[in-house]
Structures are given as structure tokens and as C-alpha cells.
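A.B. asks: My questions will all concern the structure given below.
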Amino acid sequence: MNPGVKLRLVLFIAAIALLVALIAWTAHTAWRRIGQLHEKVATVQWASFQIADYVQQKILSLNNSVLRFAAYRDPLDWSNFVTTSRELGQWLQGEQPLLSEKKEKTLLFRINIAYSNYVAAADAVNTRIFSTRQSITRLDELTDFELQSRRVLELSLELARAHQDSLASFQKQTSESLDWLRDLLFGALALLLAAGACLAFVVYRDLIAPLQVQLVESRQLAERQEKLASLGLLAAGVAHEIRNPLTAIKAWLYMHQKRLKTGTPEYADAHLINGEINRLERIVRDFLQFARPSDPQLTEVPADQPLREVQMLLAPELEKAGITLAVDGATTARVRMDPDQIKQVLINLVRNAAESIERNGRITLRARLDEKRLADKPTEVVILEVSDTGKGIPPEVEKRLFDPFFTTKDSGTGLGLPIAARIVEKHGGALQYQTQINRGTTFGIILPRVQGN
């Protein structure tokens, strides 16, 4: 992978990771804040109920016990008062650690003091009844006890209101915090989407798009090899059946042509027939080469050797049409090949490129290193490329480019590229291409690289 692409991917992934961490932190903080709010609400509601309602019920119950005792002097009523008042006092003491606000703690402290005064007022009532041995018949004798009772109830309600005020303040702070966290979360999500879009663009441009090209090339190669395998079997039988009668026809024509006079219509017809027979023989020869290509005589050579030999062979001829044939990007890597067969493939590709250019253009030969899948495994390869500045291959032609006998040339057999593909296949390689309309075409001969060089 290109180091620049790697660096961009690492930076994008790091940015996305930071944004994800920020979103996770924001979500965690928001949930924690909401949890605190729920806990606070629950605590305040419980405290309000316990202190405002529970204390009120207990004080009213204690008041009833004192009033009954004052009226009837029943010791059981006083015993109930003592037991219940002790329990309430212990409960109030236990509530002190549960409060967190300073104002609430102060109020609860005042409630404990008022409650102590309330119990003392009740003891005073008990002392008066015990000393006089008479029931209390006037309400003014219970005035102090009533005032202390009312004081305890008022303070408990004030504590409940303090709880409510604390809740309202906490809700306001929580709302502001949640608003800030929401804005932060939306901003982080927007940045995450932007970073994700940029990452997706970089990945598609630098990774997926090239892989798609390779996938298309691999699919085309597989289809081409399947066609070649099936047609190769048919080609051997058909070529053999055509060659025998064609030889007999050519021999008969040669004998018959010697009896004809030059310049006569009959002689011209025989000459035309002979040309067509030669054309059929060339087709049969190419057909047989396609069906049964000879095994390559492999030898280890520098990858750029066949390129330079083809350049020396064809450059003078192409210069007449204003076409420059140059070797570029040579490599010292070595490959095992049959130089003659690979030169045959390169010559075919160069001639096709020249026909695409027609006049005034450039054909570039190069050898480059790469890694491709050959025989279903990653392999270090050398790619011998033939690039031209021609018209490119139209889509309708591209679909049938390697079909035997498909040609756009008036005198072509349509077997040049299929034969080239078969030769490269015999070398354990593959033939690939890339084309753009009015931009040119690049054919590549993929050959396994000799290891250790």
C-alpha cells in the first residue's frame, strides 16, 4: 500500500477513534447525570415523604396519646407515647447522614431541637398530672405542648420545601449540563460523519476502486481461460479436418493453373482462389497454434530483454507513421520465459497498439514489479506492459476482445489475442489490460518473478 495512503488512513482512523471516544464519554456523562437526577428525585421524594408526612403522622399520633393520657390518665397511653417518641427521635437522628445540603442539615438539626422541646413539654404535662393526680380539663394548660408540636410540624414542612428547592436547583443544573452535552454530542456526531465520509472516500479511491479493477480483470481472465479451454479442444479437430481437403484442393489448383494462360479470366480466377486458399491455410495454422501451442522453452532472462529486442525490431517501421516506440521503467528482475514466444506476444500487442494510434502517437514498453494472484495464491510478479496513446477499446469490442475469430480488422483472423493469452498462460502467467476511450490502452503480460533477485 502507498505510504501516503497508509498515513491518511491512520490519521483518519485516529480521528474517528477520538470522536468515538468523545461520543462515548458524552453519552456516559449524560447517562450518569440523568442517573444522578433520578437518584436525587427519588431521594428528595423519599425525604419529603419521610419528614413531612411521617413526622406529621407520628406527631399527631403522639399528640393523641398525650391528650388521652391528660383526659383519662391511662398509663398505657403514656407508655405508648414514650415508646413512639423514642422511636421517632432515633429515626430523626438516622436521617442526618442522608442529607447532603447544608440548609437541609441545619433544618434537621433545628427539628431535633424542637422535637426535644416537644418531648420536654409532654413530660411537663405528665409531671403536672402525676403531681396533682387530676386530669387536665382546660386547653390552656396544654398551650406549651401545642406550640412545640406545631413548631416541629412547621420545621418538617420547611425541610420538605428545602428538599424541593434543592431538587429544582439540581434539575436546572442538570438541564444546562444535558443541553451542553447534547450540543457536544451532535457536534461530535457531525464530525464523525464527516470523518467517516472522508475515510470512506479515501478507502474507496485508494483501496476499493483498484480492487474492483483487479476483480474485473480476474473475472475476465477466468472467463477467457474457460473459453480458451473449451474452444481449444474443438480447434484441434476442426483444423485437422480442414487441412487435409485444403491440401488436396491446393495441389489440384496448382496442376490446373499450369495449363492456363496468363492474362485470361480463368487464370485470374485461379489466382484469386489460390489467395483464398493461402488465407485459409493461415487461419488453420493460427487455429492449430491456438489449439495446441508449443510448450515454452523456459530460460532465465532479464525482464526488460524482450522489450528492448522488440523496440529495436519495430521502432524503425513505426517511425514512418510518426509513432514513437520507447522502453521506460526497466527493472533488473529476472523471469523464466521463452524469449521467442514472449517476443511474439509483444510484437502482436505493439502492432495492435500501432493500428489503434494510426499516426502520430507513442507506444511505451515497460517492466515493473507487483504482487498478483497466480494459481490462487499471492505471487511476486513482473509485468511487461505495452501502453499506447490510441483510441482505446470500445465497450462493445471489449466484451468480445478475447473471443476466437472476433476481429475488427478486414484481413484479421481474430486469433492474435487468444493465441497471446494462451502463450502467456503456458508460462504460468496471465494477460491483462486497461483501456479508456480516447486515452489509450495498456496490456500487461504478468509473469512470475524469479525468487532471490
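A.B. asks: I need the P(r) histogram for the range 56-133: all alpha carbon pairs, bin width 10 Å from 0 out to the longest distance, whole percents.
C.D. replies: Using 10 Å bins, I get a P(r) of 18, 46, 24, 11, 2 for the range 56-133.
A.B. asks: Percent of Cα-Cα pairs more than 16 Å apart in the range 113-172, please.
C.D. replies: More than 16 Å apart: 57 percent of the Cα pairs in the range 113-172.
A.B. asks: Distances longer than 16 Å among the Cα atoms of the range 311-359: what percent of all pairs is that?
C.D. replies: Beyond 16 Å sits 48 percent of the P(r) for the range 311-359.
A.B. asks: Calculate, in whole percent, how much of the Cα-Cα pair population of the range 75-204 lies beyond 25 Å.
C.D. replies: Looking at the range 75-204, the distances longer than 25 Å represent 55 percent of pairs.
A.B. asks: Also: Once you place label points 7 Å from the Cα toward the Cβ at Val10 and Thr408, how far apart are they in nm?
C.D. replies: According to this spin-label approximation, the distance is 4.6 nm.
A.B. asks: Name the trypsin sites (Lys or Arg not before Pro) in the range 321-395 that are in a loop by DSSP and that have at most 13 other C-beta atoms within 10 Å, would you?
C.D. replies: Answer by residue number: Arg359.
A.B. asks: Another question, if that's okay. Quote the accessible area belonging to Met255 in square angstrom, nearest 10, computed with a 1.4 Å probe and with ligands, DNA and RNA left uncounted.
C.D. replies: Rounded to the nearest 10, that gives 110 Å².
A.B. asks: Turning to a different aspect of this structure: Say the cut-off is 26 Å between C-alpha atoms; which of Lys343/Lys409; Lys250/Lys320; Lys258/Lys409; Lys103/Lys172; Lys250/Lys399; Lys320/Lys399 go over it?
C.D. replies: Lys250/Lys320; Lys258/Lys409; Lys250/Lys399; Lys320/Lys399
A.B. asks: Let me ask you something else. Can you give the accessible area of Lys258 in Å² (nearest 10), computed on protein heavy atoms with a 1.4 Å probe?
C.D. replies: Accessible area, nearest 10 Å²: 140 Å².
The values are calculated or read from the model by the stated rules, or taken from the named source; none is laboratory data. As the structure is a prediction and not an experimental result, all values here were calculated from the model. Glycine gets a Cβ as well: all are built from the backbone with ideal geometry, and neighbour counts include every protein chain shown. These area figures cover heavy atoms from the full protein model, side chains too; ligands, DNA and RNA do not enter into them. Shrake-Rupley method; radii C 1.70, N 1.55, O 1.52, S 1.80 Å.
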